[in-house]
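Below is one structure, written out as structure tokens, with a few remarks after it.
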Amino acid sequence: MSDSAPEPRPVSAEAVPLGTGTRRWLFRPPRRHGEADTGRSVSFLELFYDLVYVVLIGQAAHTLAEDVSWRGTATFAVVFGLIWIAWLNGTLFYELHGREDGHTRSLIFVQMLLLSLMAVYVGHADGDDGRTLAALYALLLALLSYQWYSVYRQDRPELRKTPRRYLIVMVVGIIVIAASVPLSADARLAVWAAFVVGWCGVECVILIFWRRTPSYDVVTETMVERFGLFIIIVLGEVVIGVVNGLTDTERSALVTTTGLLGLAVGFGFWWNYADLVSRRLPRESGHSLATWIFMHLPLTMAVAAAGAGMVGLVEHATDDRAPVSVSWLMSGSVAVMLITTVVLLPTLADYDRYPAAYKSVQTVLVVAAVVALLVGWSRPAPWLLALALLLVLFATWAFAFVRWLRQGFLINEISAGSH
């Protein structure tokens, strides 16, 4: 006979009647405010959901690549703002209130259906397709509002003030977007622009007042990860832009080199965001969380715009000077990315640990943004434009890397990550 202890018998879950289990799985209410699951990881459903936005952003970027003008850029910015607001609502709802059940899955899949239909019309949003896009977007906002309302209904009375304000802004947004359907293209774009600016501004203020005296935590590692994953999705547009440019252009050594340099600019975006911002929790209180969230809008927009600019950069690789529009789009995107990073850094929870290092990095980022704009203004040859912007991004990362090493910050992070 063996002297070893008997293996423990598996614990069986309590049996639930089929009807009761099905009802729980399909109709279980979302989590209330203050019940965020801080120990969870990003789910496959969230990754699937984000993939739909790849198509939406790709359609918008493709249109900008075909019309790199002031109007084309403005249209892209407005449409991207609409897309980002939808993504933010879907992401935060799942993060704060979603569950791994049939109810949450069903609502997310309905969102994905609407988003997929929207992708059909995003490419010509400044024309007649804008009417259908506006109608679909109003439906999407209505669905998102219903989700937030389902949380509001079961919240404790003392926690309903902020969700009520949020819902009012959402309902006003539905009305505004629906009212833009019959308007002319220019008027409709103006209404959309006002909606993006107004919605972000008002919700930012609501968030600031809400977090002045937080009664519970809302910042989690999964939320930070979702924002980082969205940046990666947008960075995919840089790769697509280079590939499309090389596909549509007669390839030569110069053209291929220009494309690879452009792709390396995308790598520079990733290195700076990954090492300066990503996986670092923002502060919970004050204006920091609001700034951290809403600064990701211009940041991701700039990266997506650079992806659109890659097409023109490669197509004009043999020109003596880069086209004015392409030169400004590329340099402006780099400058916006650097400046938004400057604003993001003080919102991080560990900013006060090494204030001198962070402030010196911020100074370098501002100088680098100015240099990037000067490069765009000078309009060098496309290959040289890409190389110069790449060097600007590399210089900012290298400076930050050296500062972290001198402070022991980077070494401490590596040590912490190994345990």
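The values are calculated or read from the model by the stated rules, or taken from the named source; none is laboratory data. Here the structure is a predicted model, which means the values were calculated and not measured. Heads up, the Cβs are rebuilt from the backbone with ideal geometry, glycines too, and the neighbour counts pull from every protein chain shown.
Structural remarks
- Checklist (1) assigned to a helix (DSSP H, G or I); (2) in contact (Cβ under 8 Å) with a residue 60 or more places away in the chain; (3) closer than 21 Å to residue 386 by Cα applied to residue 322, failing item: (1)
- The helices (runs of 4 or more DSSP H) falling completely within segment 353-419 that include 3 or more residues that are out of contact with any helix residue (DSSP H, G or I) (no Cβ under 9 Å at 6 or more places or on another chain) and either at pLDDT below 85 or charged (D, E, K, R) (or both) map to 409-417.
- For segment 325-345, filtering for residues that are in contact (Cβ under 8 Å) with a residue 60 or more places away in the chain and either buried (at least 19 other Cβ atoms within 10 Å of the Cβ) or under 16 Å from residue 277 (Cα atoms) (or both) leaves 9.
- Screening 376, 307, 312 for residues that are under 23 Å from the mean Cα position of the chain (by Cα) and not assigned by TED's automatic domain parsing to the domain that holds residue 68 leaves exactly one candidate, 307.
- Among the residues listed as 189, 183, the single one being outside any helix (DSSP H, G or I), modelled with pLDDT of 90 or more and over 30 Å from residue 390 (Cβ atoms): 183
- Here residue 348 fulfils each of the conditions (1) touching a Pro at 6+ places or on another chain (Cβ under 8 Å); (2) within 30 Å of residue 325 (Cα to Cα) apart from (2).
- Number of positions in segment 346-363 that are among the β-branched types (Val, Ile, Thr) and crowded, with 18+ Cβ neighbours inside 10 Å: 2
- Pairs, first surrounded by fewer than 20 Cβ atoms within 10 Å (Cβ to Cβ) in segment 224-252, second small (Gly, Ala, Ser) and at pLDDT below 90, C-beta under 7 Å, six or more apart: 228/278
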